[in-house]
Each structure stands twice: as C-alpha cells, then as structure tokens.
Amino acid sequence: MQMQSKGRPASRRRIATARGIAAAVVAGAALTGAPPAVADHEAAATSTGIYRLPYGDGTEVTVTNWHHDHNVAYDMNAGPGSEVVAAASGWIRAIVDHHGQEPGAGDGLDVQVPPQPQDDALEHACGNNDPSTTVRGGNCGWYDNYVWIEHPNGEYTKYSHLGTGTVSATWAEGDWIEAGEVIGLENDIGAASTAGGEPGDRASHLHWEVAVPDTPGAPVTWDEPGGFIDDGSRVVARVCDIPGQELVEGDYEAAPCDHAPPSAIIGGGPFVVDEGDTIDFDASESSDPDGLPLSYRWEPAERSLAATATPELTLTDDFTGTVTLTVYDRVEALSDSATQEITVLNVPPAVSVVATPADEGTPATLRATVADPGADTFAAEIDWGDGGPAEAVTIPQLALGVDHVYGDDATYAVAVTVTDDDGGVGVGSVPLEVRNVIPEAELMLPGVVSFPGGDFSVIEAGAEIEAGAVARDEGSDDLAFTWSTGAETTVYNDGSLPDPPLSPSGTFPFEASDAVAAGFADAGVGYVSVTVADDDGGTTDASAGVIATGTADAARGQGWWMHQFSGAGQPHADPPVSAAYLGIVAAVSGVFDETYAAGTPAEAASLLTPSHDGGEDRAVAELLTAWLHFAGGAVSWDAEITVDGMPIAFLELMEDAEQAISSPTTTDVELRRLARDLAAVRHSTS
C-alpha cells in the first residue's frame with residue numbers, strides 16, 4: 001500500500017489505510033473511463049495506466065518534487081541503495097548504466113555541474129571541477145544513468161539516477177520485466193547537488209516520469225546522454241491505492257496495487273483455414289476481475305496482428321503453429337495468456353488453359369493462367385497429348401503463349417500441370433484441334449517443249465516416256481501415288497510401316513517421290529497424271545501433256561492433206577489417225593481452233609482449199625499444213641527450216657506465223673510472203 005501524508009511532516013510517517021477502499025477508487029475510475037479527480041495541473045494530461053510506486057514492497061518513500069513544479073515528473077527518495085522496481089510490467093527499451101562525459105550533448109539548460117567524487121579519473125564540468133561553473137547544454141554531455149520501460153498500454157516510464165552497474169547486471173534491452181521486479185538501486189548518479197551544500201554533497205533520489213508518444217503506437221526515441229524523450233510528452237501519473245490516484249509531496253510506503261490479474265480467452269479454434277483465407281480472432285471474452293480495461297498483445301510478433309480484441313490474420317502460405325494472446329490490465333500491466341492452434345492448408349493452384357487450333361506442321365499456341373491464394377512459387381509442364389515427353393515451362397511463358405508443332409491432324413488432349421512449392425498440384429486441360437493439310441505434288445516429264453498452244457513432252461507413237469512425281473506433306477503422313485497408268489505406290493513416313501495414329505515420332509514436313517513409264521501406242525495428244533493422297537484422306541492431282549506424233553518418213557504436200565480430210569475417194573491414212581493429227585494441231589497451235597476451226601475433217605479440208613487471191617487464206621492453209629507435217633512425224637519440233645537462204649527453227653517460224661496471222665495490221669503482201677515461207681517447212685532438215 002502507498003499513501004499520501006497530510007502535509008509535509010519533519011519525518012516520514014507510515015499511514016495505514018484499507019486497501020479495499022483504495023482498490024475500489026481505482027476500479028471505479030477505470031470503469032467509468034474518466035480521469036481521477038485531481039488538482040489543476042496546468043492542463044497536463046493524465047496517464048491511461050495506473051502505476052505502483054517504483055520502490056520495493058514496504059519501502060518508505062519521500063516524494064520531494066512533483067508535477068506542480070517539476071514539469072510533470074517526480075523526484076523521490078528512499079535512501080542510497082534502495083531497490084527501485086518497475087512501476088508496471090513492460091519491455092525494457094533503453095538502459096544507460098554508466099556515467100561519463102560526451103562533449104556536445106545535453107538538454108539545453110543552464111545547470112551547475114559539481115565535481116564527481118565517485119570517479120576521480122574523469123574531468124568534470126567540461127574540463128574542470130569548479131562547482132560554480134555554469135555550462136550551456138545541461139549535463140555538458142554527461143550520461144545520466146536511466147532506464148526506459150514500454151508498457152502494453154502504449155505508455156513509457158523512465159527511471160533516472162540509478163547506481164552504475166545495478167541495472168545491467170540483471171537486465172538487457174528488450175527484456176520483459178514484471179511490475180515490482182527490481183530494476184536497480186537508488187543512487188546519486190547524475191543528481192543535482194543539495195541546495196547550499198558543499199561540493200560533493202549530492203541528493204540521492206529517483207527521478208521518475210510517465211510519457212506517451214506523440215503518435216499512438218509509434219516507437220519513441222530519446223537523446224542518449226540524458227534520456228530525454230524526443231517525440232513524446234510527459235503526463236501526470238495515476239498511482240494506485242492513494243486518494244484520487246494523485247501523487248504529491250509527502251511520505252509513502254511502497255506496495256503492490258491491490259488487484260487480481262485478468263483472464264485471457266481466445267474464442268473458437270482450433271483454426272483450420274486455406275491459405276489466403278482470413279482468420280477472425282475474438283478475444284472479447286477476456287476479462288479483468290476488477291473490471292479494468294485490457295490491452296492486447298498477439299504473438300508471434302511477425303504475424304503483425306493488431307493489438308485489439310478482434311484482429312484478423314491472413315497467411316499466404318501453409319502453416320502449422322500457434323498464436324498466443326496476452327491480455328494486460330491497466331494496473332501494473334499484470335497479464336494472462338492463452339494459446340490456440342492454427343493450421344493453414346495449402347491450396348493447389350488453379351490452372352486455366354486456352355489453345356489456338358492450327359494446321360499440321362504449323363505452330364499451335366497454348367496459353368494458361370495460374371491462380372493461387374498463397375504466395376507460392378511454381379513449376380509447370382505441358383503434356384501436348386502426342387505421346388512425346390512433357391515440356392517444362394515457366395509461368396511467364398504460359399502467360400505469353402507456348403508454341404508446339406504437331407505432325408498429324410487430330411484433336412489432342414493437352415494438359416498443363418502446375419506444382420506449387422508446397423507440393424500442391426493443379427491441372428488444366430483443353431482439347432486442341434489440329435487440321436489436316438492436303439499434300440502438294442509436282443509431275444515431271446522429260447523433253448517438255450513450249451508450243452504456242454502449251455507445254456508438252458514429245459515422243460513418237462509406240463514409245464514410252466518416264467514420268468516422275470515429287471510430293472510434299474506438311475504433316476507426317478504416309479503418301480500414296482496413284483498413276484494414270486494404273487500403277488500405285490505408297491511411301492511410308494518411317495520408311496517401312498504405316499503411319500500410326502497421331503504420328504508421335506513421325507518426320508515432318510515429309511517429302512516423297514515416285515516414277516512410272518507411260519507408253520503411247522497411237523499418235524495423238526495424251527496425258528500422264530498422278531493422284532497423291534495422305535493417310536488422312538487429303539488428295540491432290542498433277543498432270544502433264546504428251547504429244548505422240550506419227551511416224552511418217554516424208555512430208556506430204558498441201559493437196560495430200562486436203563485429200564485426207566475431204567471425204568472424196570479413198571484416203572491414204574486411216575481416218576482415226578488423221579483425226580488424231582488434227583487433235584495434235586489443236587493442242588500445239590494458238591490459232592487452231594481458237595481463231596480458225598480445224599477440229600473436224602471438213603473444217604480442215606475447207607482451210608486447206610484457199611482462194612487463189614486471198615493472202616490470209618493461203619497463209620492459214622500453209623500454217624495448217626506445216627502443223628500437220630509435225631503431227632504426222634515428218635517434221636520434228638526441233639527441225640531447222642531454210643527461208644530465203646537463212647536457217648530458222650521450226651518453232652520460231654511457227655510462232656512468228658501465228659502472231660502475224662492473228663494480227664489485224666498484217667498486210668496481204670506480208671501474208672502472201674508468210675505463206676511462201678511456211679511452204680518451206682516441207683523441206684525441213686532435222
């Protein structure tokens with residue numbers, strides 16, 4: 001128990017008062033939430049917490065200075081060596097347990113600095129021991145022994161002038177100290193000299209104060225030499241078991257506050273949630289038997305739970321452990337703790353996949369997004385569904401898109417598997433359509449000749465020609481060649497066996513070739529063709545023309561050819577053969593039958609019987625005769641014709657003649673001359 005005396009007696013007096021009454025005063029003030037009734041303190045704030053006298057139980061203490069005349073701080077003494085205790089439970093935040101000089105530091109006050117008899121090795125008062133020396137800067141850089149304690153209610157208490165070595169022998173910064181535990185011993189370290197005393201006469205006392213941060217909950221700082229708070233202010237202390245909870249000058253007996261500790265209760269639990277979910281803690285059933293308000297502290301501190309009765313906790317990784325609630329009352333910060341288990345379950349990642357269809361042999365693109373409520377890292381792989389090994393990828397690659405080329409058309413079951421760093425597995429799948437591409441084919445014949453009417457290979461009737469084809473498939477399909485000759489050949493992608501479904505190991509793009517010998521027994525226009533089919537039903541065709549000429553050993557005159565088509569008398573050649581020759585003329589010429597009809601024997605006979613006066617008629621008749629020389633085999637396509645004593649290639653002459661005959665600007669004279677030149681074809685040399 002600690003009580004104020006009536007007035008200021010010459011000697012200490014111990015006054016006994018029933019603790020139950022004092023406790024009722026404390027509880028009543030706390031329950032109403034109003035500060036105690038105190039005298040005018042120049043508008044000084046009152047502490048939230050309620051504190052005991054900072055001396056050991058039973059110690060007689062004299063308060064000599066108080067907040068009326070000491071800037072809301074208290075000087076008290078119980079004699080050198082008296083035990084100084086924590087006025088309330090809390091964390092030790094600062095210990096200065098040595099007394100020495102640090103030039104340039106101080107609190108900015110003009111004070112007398114007396115000599116320091118307990119440390120003769122130091123020069124005092126900024127370089128001299130003159131007790132009358134007045135210096136600017138307060139303690140002139142002297143470290144005054146002190147301790148700062150932070151309390152759960154957010155307030156701090158300071159204990160100054162403790163004996164050197166009496167604190168650090170037991171405590172370290174960060175330690176928790178209970179109310180009533182001994183901090184150190186009272187001494188005169190850093191205390192001012194007694195009024196009017198001789199040098200060396202110093203007042204042994206404890207300087208005690210309560211301070212609050214300018215910003216609630218924010219950490220505070222203080223200057224190291226003197227321990228003066230930088231970003232806070234002193235408040236009037238509420239002290240238990242004295243009338244009005246107000247500490248004034250007088251004599252007291254130190255004792256614990258008369259109350260019981262609170263009870264800590266965490267509602268619910270044990271808590272089992274998924275990572276990313278929020279746990280709502282509820283400590284509202286915690287209580288104090290004296291009806292005092294509570295302060296809350298949740299541990300471990302790295303969880304950053306708010307110091308309230310109902311904090312929230314969201315963990316983004318799987319976890320198994322505990323959370324501890326400690327509740328403190330507002331008197332001495334006595335406490336009680338409760339622990340509850342929490343389990344945070346890992347949540348496997350959710351994988352969403354989108355695939356873009358493609359043709360076989362061209363890239364198909366897959367994109368995927370990964371959602372996970374936890375702060376996990378991931379490993380990912382893609383099973384492309386074609387029997388090949390899974391492909392390892394990163395999450396950014398999945399977001400941008402990953403390409404894959406398929407060698408065969410199908411609908412592939414593509415799966416993306418994502419594993420988080422806790423072993424959770426998420427799978428996203430999608431059907432990916434790959435379309436078949438029909439093959440390309442090129443047919444090749446030897447000796448292809450460019451005629452005015454088109455390109456043809458030229459052989460004699462009864463001969464064979466070697467035809468070849470090259471096919472290309474963008475996929476990995478087998479390719480089958482079907483020829484107009486009836487020949488069939490299949491070229492397998494792997495060289496020997498049919499292409500299996502999905503072609504997991506096929507080669508693509510795939511090229512294949514085949515060749516056949518095509519024979520033409522009769523004269524006429526023929527074609528060699530090939531159909532190339534892949535094993536998925538895609539087909540393409542290619543063909544090339546062949547001219548099979550007759551086997552005549554000499555060129556015949558215009559009249560001879562007219563007789564073959566006139567229908568009069570017995571023709572020299574079989575009519576089917578003559579008709580075949582007209583077919584050859586229609587194929588190689590650019591004017592028959594496009595400009596001049598010569599497809600039937602009658603049409604041919606008409607063209608071969610020109611008027612004597614028409615230059616155009618004569619030129620057309622000679623042109624048709626010259627082509628019939630070629631069709632019958634008497635004149636080769638590469639023959640050389642002598643015109644006006646100058647050689648000219650057969651095809652060159654024929655092309656020039658067709659252009660002249662087709663041109664409306666060609667004169668009759670020019671056409672007559674052209675007819676004469678074409679007549680020379682009959683006398684060609686091969």
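Since every read-out is calculated from the coordinates, none of them should be taken as a lab result. None of the values given here were measured: they were computed from a predicted structure. Note that we place each Cβ from the backbone using ideal geometry, even for glycine, and neighbour counts take in every protein chain shown.
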| Exposure proxy ranking, count of Cβ atoms within 10 Å, fewest first, for HIS259, HIS404 | HIS404, HIS259
| query | How many percent of the alpha carbon pairs in the range 350-435 exceed a separation of 17 Å? | reply | 42 percent
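If each residue's Cβ is checked for other Cβ atoms within 10 Å, how do ASP514, ASP494 rank with the fewest at the top?
Details: ASP514 22, ASP494 15.
In order of increasing Cβ crowding within 10 Å: ASP494, ASP514.
Which whole number in µm²/s is D for the range 271-345 by Stokes-Einstein, with the Kirkwood Rh taken over Cα pairs at 20 °C and 1.002 mPa s?
Values: Rh = 13.0 Å.
Result for D is 165 µm²/s.
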| query | Modelled label-to-label distance, GLU442 and GLU488, 7 Å Cα→beta-carbon offset: nm? | reply | 2.8 nm
| task | Treat each spin label as a single point 7 Å out from the Cα along the C-beta direction, and report the TRP560 to THR685 distance in nm. | result | 2.1 nm
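Compute the length gained on full extension between SER496 and ASP57: take 0.36 nm times their separation in residues and subtract their Cα-Cα distance, giving the result in nm to one decimal.
Values: separation 439, 0.36 × 439 = 158.04 nm, distance 10.33 nm.
Length difference between fully extended and current span is 147.7 nm.
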| Test item: Cα-centred dipole of the range 350-435, Lys/Arg +1 and Asp/Glu -1 on Cβ, debye | 220 debye
| request: Report the extension gain between ASP282 and ALA649 in nm, rounded to one decimal, defined as 0.36 nm multiplied by the number of residues separating them, less their alpha carbon distance. | output: 121.2 nm
| query | Ranked from highest to lowest mean number of other Cβ atoms within 10 Å per residue, what is the order of the peptides 461-468, 395-402, 525-532? | reply | 525-532, 461-468, 395-402
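What's the exposure ranking of PHE630, PHE271, going from fewest to most Cβ atoms within 10 Å? Numbers along the way, then the final one.
Working: PHE630 28, PHE271 17.
Ascending Cβ contact count within 10 Å gives the list PHE271, PHE630.
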| task | Under 10 Å from the Cβ of SER89, count the other residues' Cβ atoms, weight Lys and Arg +1, Asp and Glu -1, and hand me the total. | result | -4
| What nm distance separates the two modelled labels at THR343 and THR369, each placed 7 Å from Cα along Cα→Cβ? | 3.3 nm
| task | Grab the beta carbon distance between THR310 and GLU433, set R0 = 56 Å, and tell me the FRET efficiency rounded to 0.05. | result | 0.55
| message | What three numbers, in Å, describe the spread of the alpha carbons of the range 583-684 along their principal axes, ordered from the longest? | response | 32, 30, 21
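For every other residue with a beta carbon closer than 11 angstrom to the beta carbon of PHE592, add +1 if it is Lys or Arg and -1 if Asp or Glu, then tell me the sum. Mind showing how you got there, number by number?
Values: positive: none; negative: ASP593, GLU594, GLU603, GLU658.
Local net charge: -4.
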| request: Grab the Cα-Cα distance for VAL182 and GLU460, subtract it from 0.36 nm times how many residues apart they are, and report the gain in nm with one decimal. | output: 87.3 nm
| said: Run the Debye formula on the Cα coordinates of the range 501-546, all scatterers equal and no solvent, and tell me log10 I(q)/I(0) at q = 0.14, 0.29 1/Å. | reply: -0.54, -1.21
